[in-house]
Ligand code: 5AD
Ligand code: SF4
């Protein structure tokens, strides 16, 4: 066999990892370096699996947002390349939690589950545990894990996820090479300006995919920890984004979700600046791509140009997620959101005028420091005026290190709870009423999966993101079909093929 020295290889995506020359030094440039370590980790996994007398399994658990979901697909792409096979529970040989830290309860969930993982590990000498994602960017978290959860093998953060293959190689060496449990592999970066392209990804769905268009956030909303754990805004080059989507389409994808913490400020810092609206125009041109979604829009940066592109487009789905956070201009100012109630309502008016059928969804925080009953009523007022198709409602969670955590007059828990319940009731009533409006219409549905409860049904989504169940078999999965919406049941529809 001819062994390949990856320092001199061009298209590494096509290389058979079993032919990589591991006696050559690791390349010092990406992505070749990571392919080298994939090959190396693969040789370790093969050895371990021979010892175990069975294939080694992995299990990933993702907390948090769509960004993390996409990151997990990257982790899985690498794990499969290095020879692990998918397991269906945490009783696996490698378990990794991709964590979220946006609210305190996200952190508590992880600590809660680590104890359980430890009990599993005691029964399985081949088991290794990894932690990554936003929570790991907080020094206090890493300190706590080092003190109290010594059985964790690998910890890394959000900025160096592209180095997963290399870190996994190190962790395998540290865990199984010497005395077991002697060394934790920890690599956390404070920030990065690096974007590595062309690493393997294993998609959850064959027909739809998330696509990162930018990383990080520069907004520093006063309650939010994201800018501290995801770093400064970096946009991918448009040609890389287009190339990725073209490859996805060639591989059967018909719907993409463009991902960024604040997609409306896409491209501002590129060497050749480009607006998000311009990027959408380019994505629209890709043959074979049928649906385009994006997430998340910040109201302060939502441009008229974007609204115009949404109006003209044949592919952009009629759905806009536009986080409100609060309806009170005073609270919005303290949140550092840089828009007020009037601006937000005007935006909604413009969007609805341009795209009349658009579904609007939002995020709302209840109980931000200093929120009074009057402030809260302003939020209710916007909710009633906009009539959201759905809304994610959150109880304010104090995140150490953010400006809001140091603000006085934090709102008492019982007051927050009472407001939260009132808001939820309002949001749900409006959503149910809105959904009713489409009953009887015939609309395209992208069928996504077999129904989990009823084998005779499949489940898909309308362009506006609503869920539809309809009779049909698995041959429909991944296809866009016209469906008559027979009945609305609160948050979903029952339909039939038209
Ligand atoms: N407390 C509660 N909700 C928060 N979010 C962000 N930070 C916090 C916090 N400290 C919510 C915002 C954001 C969503 C992803 O999470 O509504 O839009
Ligand atoms: Fe957090 Fe605000 Fe950035 Fe969204 S825009 S990630 S809420 S700081």
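Here are the numbers for the structure shown:
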quantity	calculated
Exposure proxy order (Cβ contacts within 10 Å, fewest to most) of 156, 207	207, 156
Euclidean distance of C-alpha centroids, the stretch 183-214 and the stretch 87-127, integer Å	20
For 71, 381, 375, order by how many other beta-carbon atoms lie within 10 Å, fewest first	381, 375, 71
With 20 Å bins from 0: P(r) over the chain, alpha-carbon pairs, percent	21, 53, 25, 1
Antiparallel bridge percentage (DSSP; both residues within the chain; nearest 5)	35
Packing-based exposure ordering (other Cβ within 10 Å, fewest first) of 59, 94	59, 94
Length-normalised contact order for the stretch 356-407 - Cα pairs under 8 Å, 6+ apart - percent	52
Projected label distance in nm at residue 246 and residue 274, using a 7 Å step from Cα toward the beta-carbon	1.2
Relative contact order [Cα under 8 Å, 6+ residues apart], the chain, whole percent	9
Inter-centroid distance (Cα atoms) of the stretch 15-82 relative to the stretch 327-372, Å	43
For the stretch 218-295 versus the stretch 377-415, the gap between their alpha-carbon centres in whole angstrom	28
Global geometry of the stretch 131-190, whether rounded, prolate or oblate, following the gyration tensor of its Cα atoms and the 1.5 cut on a/c	oblate
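Quick note: the coordinates plus some simple rules give every number you see, no bench work behind them. In this text, all values refer to a predicted model and were calculated from it rather than measured experimentally. All Cβ positions, glycine included, derive from the backbone under ideal geometry; neighbour counts span all protein chains shown.
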